[in-house]
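**Q** Attaching a single structure in structure tokens format; questions to follow.
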Amino acid sequence: MKPAMSVEIGSLKLRNPVMTASGTFGYGEEFSQYVDLEKIGAFVTKGLSLKPRAGNPTPRIVETPGGMLNAIGLQNVGIDAFIQKKVPFLRSVNTPAIANFFGYTPDEYAELASRLDAIPEVAALEVNISCPNVKQGGIVFGTDPNCAASVVAACRAATKKTLIVKLSPNVTDIVEMAQACEAAGADALSVINTLTGMAIDLERRRPVLANITGGLSGPAIKPIALRMVWQVAKAVKVPVIGIGGIMSATDALEFMLAGATAVQVGTASFVNPAAAQEIAEGMEAWLAERNVADIKSLIGALEG
Amino acid sequence: MQFKAMILDNAEVSPGYWRMRMTAPAEMLEAKPGQFVMVRVNPSIDPLIRRPFGVFDVGTLQPAFTGAAPQPYLEILYRVVGKGTGMLSTLHANDILDILGPLGTGFENGPAGEEKLIVGGGVGLAPLYLLAKELVKDSPVRLFAGGRTKDDVLCITEFERLGVECYTATEDGSLGECGLVTKVLEQRLDATGNKGQIFACGPHGMLKAVAGIGAKRSVKTQVSLEGYMACGMGACLGCVCQGTEHSAENPDYRCVCTEGPVFEAAELKWEGN
């Protein structure tokens with residue numbers, strides 16, 4: 001028996017719960033020769049700003065045990081080039097594309113939300129209030145519940161599309177942030193963005209990254225992400241999208257048990273560009289082997 | 001292309017430098033000099049990220065027995081610098097690796113008959129052997145290989161076998177000219193009146209010096225860069241370098257993985273980097 005794999009995030013229906021995380025999958029096209037995009041639930045494009053952004057100096061990435069630090073600094077083409085050069089590809093793929101974006105003021109967030117709302121090829125919006133690598137690139141909005149709520153409310157007023165808010169783990173109480181975003185009109189919450197970290201080159205006595213600190217991703221952060229998804233999912237009614245070190249189908253299924261309705265695969269796509277598709281197929285096989293009829297029955301089904 | 005490769009040979013060619021031959025699909029034979037592969041050292045999460053290596057050589061092994069299909073292979077030349085390359089050096093024949101490639105843009109050969117000056121520093125020779133193999137088909141080729149000591153000057157015999165005239169320089173004088181390889185390159189350019197074009201790969205300081213020589217003498221120069229990268233396909237944006245016009249106000253970042261690793265030296269910003 002073929003298990004039912006589809007899930008809903010707001011008004012967005014996904015063929016399966018596996019999406020790709022922003023910043024790890026380009027604008028979709030880069031990966032199209034390695035992944036059958038129509039075998040994954042959705043893909044999230046690289047974080048967009050109103051104007052193009054240069055990003056940080058190099059080195060921007062470094063591997064650490066079981067993970068990697070990045071401080072790209074939200075380099076992106078800007079919304080105009082996105083519409084002109086990237087959207088045509090989105091039209092050619094029968095899989096929802098979710099546009100991740102960020103601003104420097106609530107007004108900028110709202111303007112971006114409104115412009116993305118007008119693009120039919122953009123299926124849903126993911127608001128980044130959590131980038132750890134640029135000073136105004138969201139993190140100020142992502143660490144104060146009132147600021148977060150004002151940004152989310154501004155975006156909510158500017159779009160009818162499914163509005164997802166991506167939360168930072170670099171806070172004292174992620175539940176408080178989640179509840180503020182839900183109350184301000186978020187349709188779903190992505191949990192979590194990267195954890196702020198640092199690597200040092202002992203011999204040179206310098207930080208490895210030009211930005212000094214960066215965001216830690218990869219399997220090293222999975223236990224933290226699972227804990228945060230579990231905490232948030234218990235505290236809100238909107239769907240939670242689990243993110244953090246998912247490398248395999250079993251990782252993804254664990255996030256669903258913790259309360260995630262869907263998951264995002266990030267760093268794994270760098271290691272194996274076909275990871276998202278293989279994870280989706282692996283989840284389906286896992287369910288089929290155990291005669292689980294519907295993947296939705298796993299959401300938040302943690303026992304004990 | 002993503003494929004599983006079986007290691008055929010993995011040998012230390014000089015202290016700390018290894019040369020690995022592995023099986024590859026026939027498509028790999030189309031790899032252009034300067035292109036690279038991303039190697040997943042093992043299926044675990046440590047090391048996590050793939051490592052980029054220039055394609056040192058590709059070729060086809062004769063059938064092992066009558067009627068067997070010829071086996072295409074891929075070779076990389078690498079230096080043990082950290083955990084990933086350290087683990088790679090412990091692998092043996094018949095071990096399996098996961099490979100992505102060929103990736104990036106390669107060198108442009110340039111006109112036939114023109115003198116080709118190849119400059120390599122240490123493990124920077126890695127992508128230059130396949131280049132030399134191509135260039136000797138229609139041009140006179142000279143190699144300028146440099147390193148700290150003789151141990152850092154690799155595979156000269158292989159280049160000589162191609163008919164390449166080889167010049168070496170070491171900082172300690174243990175092989176060839178004592179000093180920097182750029183000095184030997186300049187001697188040749190002095191002798192020919194700045195004829196031909198330059199192809200270089202090696203440490204950043206060497207590339208910067210070579211780019212300066214090319215610019216000063218109006219000799220076309222292509223360089224192959226290294227960069228910290230996670231994906232190799234233009235998504236992580238970790239490996240960017242700066243184009244000539246780059247400034248904080250007008251950013252001009254290029255992806256080493258997709259727009260390079262080979263660039264015309266004149267396209268890049270060298271000052272301050």
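No lab work stands behind these numbers, since they all come straight from the coordinates. Note that the structure is a prediction, hence the values are computed from the model and not measured. Please note: Cβ atoms are built from the backbone with ideal geometry, for glycine as well, and neighbour counts cover all protein chains shown.
**Q** Can you flag which of A:LYS160/A:LYS234; A:LYS13/A:LYS237; A:LYS13/A:LYS161 are past 21 Å Cα-Cα?
**A** The answer is A:LYS160/A:LYS234.
**Q** Give me the inter-chain shielding for B:235-245: mean count of other chain Cβ atoms within 10 Å, whole number please.
**A** So the per-residue partner count for this stretch is 6.
**Q** Among the lysines, select those whose C-alpha is under 21 Å from the C-alpha of B:LYS32, and discard any that sit fewer than 8 residues away in the same chain.
**A** B:LYS32 reaches B:LYS4, B:LYS116, B:LYS133, B:LYS137, B:LYS220.
**Q** So for the pair B:GLU171, A:LYS13, with labels modelled 7 Å out along Cα→Cβ, what separation do we get in nm?
**A** Spacing of the two 7 Å Cα→Cβ label points: 6.5 nm.
**Q** Send over the semi-axes of segment A:47-122's equivalent ellipsoid, whole angstrom and largest first, taken as the square roots of 5 times the C-alpha gyration tensor eigenvalues. If you can, show how the numbers build up before the last one.
**A** On the way: eigenvalues 130, 58, 26 Å².
Equivalent ellipsoid of segment A:47-122: 26, 17, 11 Å, largest first.
**Q** Any aspartates and glutamates with Cα under 17 Å of the A:LYS2 Cα? List them, leaving off those in the same chain fewer than 8 positions away.
**A** A:GLU278, A:GLU281, A:GLU284, A:GLU289, A:ASP294
**Q** For a quick size check, give me the Cα extents of the protein assembly as shown along its three principal axes, largest first, whole Å.
**A** Here the Cα extents, ordered largest to smallest, are 76, 60, 45 Å.
**Q** For chain B, take the convex hull of the Cα atoms, compute a quarter of its surface area, and give me that in nm², please. Kindly include the intermediate steps, with their values, before the conclusion.
**A** Working: hull surface 60.9 nm².
For the Cα atoms of chain B, the hull's average projected area reads 15.2 nm².
**Q** Something else now. What whole-number distance in Å separates the alpha-carbon centres of segment B:180-215 and segment A:18-66?
**A** For segment B:180-215 versus segment A:18-66, the Cα centre distance is 38 Å.
**Q** Could you sort the peptides B:87-97, B:143-153, B:121-131 by per-residue average Cβ neighbour count (10 Å cutoff), highest mean leading?
**A** Averaged packing, sorted descending, gives the order B:121-131, B:143-153, B:87-97.
**Q** Another one. Would you mind counting up the charge near B:ASP151? Only other residues with Cβ under 13 Å from its Cβ, with Lys and Arg at +1 and Asp and Glu at -1.
**A** Net charge in that neighbourhood comes out at -1.
**Q** Which whole-percent values make up P(r) of segment B:227-273 when all C-alpha to C-alpha distances are grouped in 5 Å steps starting at zero?
**A** The calculated distribution, bin by bin, is 5, 25, 30, 22, 16, 2.
**Q** Starting with the fewest neighbours, write out A:GLU203, A:GLU30, A:GLU176 ranked by other beta-carbon atoms found within 10 Å of each beta-carbon.
**A** Ascending Cβ contact count within 10 Å gives the list A:GLU203, A:GLU176, A:GLU30.
**Q** Could you work out the per residue convex hull volume over the alpha carbons of segment B:75-155, in cubic angstrom?
**A** Given the Cα convex hull of segment B:75-155, per-residue volume reads 126 Å³.
**Q** How high is the FRET efficiency between B:ALA68 and A:ASP173 when r is their beta carbon distance and R₀ equals 60 Å, given to the nearest 0.05? Write out the running numbers ahead of the final one.
**A** Details: r = 65 Å, r/R0 = 1.09.
It comes out at approximately 0.40.
**Q** Scaled to the compact-protein estimate 2.2 N^0.38 Å, what is the alpha-carbon radius of gyration of chain A, rounded to two decimal places?
**A** So the Cα radius of gyration is 0.93 times the expected 2.2 N^0.38 Å.
**Q** Relative to the Cα centre, what is the charge dipole magnitude of chain B, using +1 at the beta carbon of each Lys and Arg, -1 at the beta carbon of each Asp and Glu, and rounding to the nearest 20 debye?
**A** 160 debye
**Q** Volume per residue, Å³, of the convex hull around the alpha-carbon atoms of segment B:107-224?
**A** 85 Å³
**Q** Would you order A:ARG205, B:ARG21, A:ARG60 from fewest to most other beta-carbon atoms within 10 Å of each residue's own beta-carbon?
**A** Fewest-to-most ranking of A:ARG205, B:ARG21, A:ARG60: A:ARG205, B:ARG21, A:ARG60.
**Q** Helix B:181-192 versus the longest principal axis of chain B: what is the Cα-based angle in degrees, 0 to 90, to the nearest 10?
**A** 60 degrees
**Q** So, one more: When the scattering of segment B:2-103 is computed by the Debye formula from its Cα atoms alone, each counted once and equally, what is log10 I(q)/I(0) at q = 0.10, 0.18, 0.22 Å⁻¹?
**A** Once normalised to I(0) and log-transformed, intensities are -0.26, -0.82, -1.20.
**Q** Here is a follow-up. State the Cα centre-to-centre distance between segment A:228-255 and segment B:133-172 in whole Å.
**A** Centre-to-centre distance over Cα atoms comes out at 55 Å.
**Q** Please compute the net charge surrounding A:PRO145, taking Lys and Arg as +1 and Asp and Glu as -1 over other residues with Cβ under 12 Å from its Cβ.
**A** Net charge in that neighbourhood comes out at -4.
**Q** Separate question: Helix B:204-217 versus the longest principal axis of chain B: what angle, 0 to 90°, nearest 10, using Cα atoms?
**A** Value to nearest ten degrees: 40.
**Q** A further question follows. In debye, nearest 20, what is the charge dipole magnitude of the protein assembly as shown about its Cα centre with +1 on Lys and Arg Cβ and -1 on Asp and Glu Cβ, if you could check?
**A** 440 debye
**Q** For segment A:258-304, just the Cα set please: Rg and Dmax, both in angstrom.
**A** Over segment A:258-304's Cα set, Rg and Dmax evaluate to 12.3, 36 Å.
**Q** While we're on this one: Among A:LEU209, A:ALA288, A:GLN264, whose Cα sits farthest toward the positive end of the charge dipole of segment A:164-304 (+1 at Cβ of Lys/Arg, -1 at Cβ of Asp/Glu, about the Cα centre)?
**A** Working it through, the farthest residue towards the positive pole turns out to be A:LEU209.
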